[in-house]
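Data first, discussion second: the structure below is written as structure tokens.
The values are calculated or read from the model by the stated rules, or taken from the named source; none is laboratory data. Please read these numbers as outputs of a predicted model, since none were measured by experiment. Cβ coordinates were reconstructed from backbone atoms using ideal geometry, including for glycine residues, and neighbour counts include every protein chain displayed. Remember, those area values only see protein heavy atoms, side chains included, never the ligands or the DNA or RNA. Shrake-Rupley method; radii C 1.70, N 1.55, O 1.52, S 1.80 Å.
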Amino acid sequence: MSFKDQIAFVRQHIRRNRLRVFMTVLAATMGTAFLIVLASVGFGLHKTIKDEVLSNQMITQVEVYSEELTDAKTDAMKEMDHVKSVVHRKQLSPTAFAELDGYTAGLNAYFTDFSEEETSGFKLAEGRFPENPDEIVVGSGFAEQLSDEKATVKEGEELPTYKEDLLGKTVTFRFDPLEEGAVSEEWPLKIVGIKEAPGKDWAFDGYLYMDHRLMPEMEKGFAAVSPEPEEGVEPDPFTYPQVNVYVDKLENVKSVTTALKDDGYSVYSVSEEIEQLDVFFLALKAGLVFVGTIAILIASIGIFNTMTMAVTERTREIGVMKALGAGPKLIQRLFLMESAWIGIVGTVIAVVISYGVSFAANAVLPVIVTAALGEDGADLGVTFSVIPWQLVLIASAISLGVAMISGWRPARKATKTDVIGALRHEL
């Protein structure tokens, strides 16, 4: 029997039992679509959280922690393979203030090397990087911290903040004296750059970034307004180190992270967080696929019943084919082709339906959630469903595999049909 005749044989039975075959295909479609849509939720959550992590941090940045981070040690880090730059920021420890046109603010400040900052990906929204020690860069939220403390406001109202353009203005920097009666030295610092705002609305950057060459002079000035430490008491440090290592490529982050750990440093990189996320969501997605597979197994009962009925109804035809010389392999192939057809059609329809459900979920659910939260127009930044091609392949393989397994037993039964009994069989 030619392949064309085999197709005709399968088509003939499908046409003869349209309703039963339709219901079987529908069951296979629902099972496969359920698997894909359910697993797509895991892929959607994975993508949402991963994008959130990547949007908040530089993926090639490695944060280094140690109680003894010196300039010599950070210089040694620069010599490591695949390291593009090392930024050694020193966060100011004592309380300091900035004053600009009558507006004052308590400061969070860093001393840093701007040549390293420039190569690390430090981005400015306006202006340029400092070239002289008395030039500074301020964060995007620095103006919001400058307030007019002499202004008269009603109860419950906030003090007015600085609204003018900061670029080119000179702020006066001073320390809060710890020694009673002492007067802090003042440093005029010109704002030549404004840092780019963080990517998220909730993130705030009100830092003041100063040239590291200014640090010895300021440390000396702070010592002048601080009392002598008591004997045997270690004074608080003037700065706290913060070291960030920037790697040339994402694929090299892991090797650099491992090398720093081997040197005794505590490190954190976004690649490690992503690796942990990937392991967690791999387990979650596997669990969702397993639950979805149960639905396909339930649908396989319908395929098994349909194929069993097909064998029973065509007992006489099977007997005629055997009498004409058809072998067991040919008969088995015919019935497996029929069950495969049910699986293929059900899978194709399921994939189309799944993409439609995924698109509708991503379009409608954010609207429903924002309305429920009372945040109309807000962008949640959440992807509820993602269907990658790998999920389609996995679901298709499971669906077709189950369909073939469901049809295998009836097909085997057909090959064992007795010729004489089959020819005498009447429905």
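Beta carbons closer than 6 Å, at least 6 apart along the sequence or on distinct chains, pair a first residue in the stretch 79-105 that is more than 30 Å from S226 (Cβ to Cβ) and open to solvent by 30 Å² or more (accessible area, probe 1.4 Å) with a second that is among the β-branched types (V, I, T) and assigned to a strand (DSSP E or B) for H82/V247. If the requirement is being more than 29 Å from E272 (Cβ to Cβ), of a type in the set (F, W, Y) and not in a helix (DSSP H, G or I), which of these qualifies: F97, F111? One residue alone meets the criteria, F97. If the condition is being open to solvent by less than 50 Å² (accessible area, probe 1.4 Å), part of a helix (DSSP H, G or I) and of a type outside the set (G, A, S), then the stretch 37-77 contributes V37, L38, F43, H46, T48, V53, T74, M77. For F114, state whether it is under 25 Å from the mean Cα position of the chain (by Cα), hydrophobic (A, V, I, L, M, F, W, C), surrounded by 14 or more Cβ atoms within 10 Å (Cβ to Cβ) and modelled with pLDDT of 85 or more. No. Scan the stretch 373-386 and tell me whether some residue there is surrounded by 12 or more Cβ atoms within 10 Å (Cβ to Cβ), under 30 Å from A340 (Cα atoms) and either of a type outside the set (D, E) or modelled with pLDDT of 75 or more (or both). Checked against the condition, which is being surrounded by 12 or more Cβ atoms within 10 Å (Cβ to Cβ), under 30 Å from A340 (Cα atoms) and either of a type outside the set (D, E) or modelled with pLDDT of 75 or more (or both), the stretch 373-386 yields at least one hit. Scanning the stretch 138-146 for residues that are under 26 Å from T74 (Cβ atoms) and in contact (Cβ under 8 Å) with a residue 60 or more places away in the chain turns up at least one hit. Counting the residues of the stretch 135-150 that are in a loop (DSSP other than H, G, I, E, B), open to solvent by less than 80 Å² (accessible area, probe 1.4 Å) and of a type outside the set (G, A, S) gives 2.
Results for (1) over 39 Å from the mean Cα position of the chain (by Cα); (2) at pLDDT 70 or above, shown as yes or no for each residue.
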site	(1), (2)
I294	no, yes
G302	yes, yes
R314	yes, no
E317	yes, no
G356	no, yes
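Given the condition in contact with a helix residue (DSSP H, G or I) (Cβ under 8 Å, 6 or more places away or on another chain), closer than 20 Å to A395 by Cα and touching a residue at least 40 places away in the same chain (Cβ under 8 Å), answer yes or no: does some residue in the stretch 45-67 qualify? Yes, there is a match, as at least one residue in the stretch 45-67 is in contact with a helix residue (DSSP H, G or I) (Cβ under 8 Å, 6 or more places away or on another chain), closer than 20 Å to A395 by Cα and touching a residue at least 40 places away in the same chain (Cβ under 8 Å).
On the basis of being without any contact (Cβ under 8 Å) to a residue 24 or more places away in the chain and of a type outside the set (D, E), does G156 make the cut? Yes. Taking the condition of being open to solvent by 20 Å² or more (accessible area, probe 1.4 Å) and part of a helix (DSSP H, G or I), how many residues in the stretch 255-296 meet it? Here the count works out to 28.
Can you tell me which residues in the stretch 18-36 are of a type in the set (A, V, I, L, M) and surrounded by 23 or more Cβ atoms within 10 Å (Cβ to Cβ)? Explain how you work it out, then say what you get.
Here is the first cut: in the stretch 18-36, the residues of a type in the set (A, V, I, L, M) are 19, 21, 23, 25-28, 30, 33, 35-36.
Matches in the stretch 18-36: V25, A28, A33, L35, I36.
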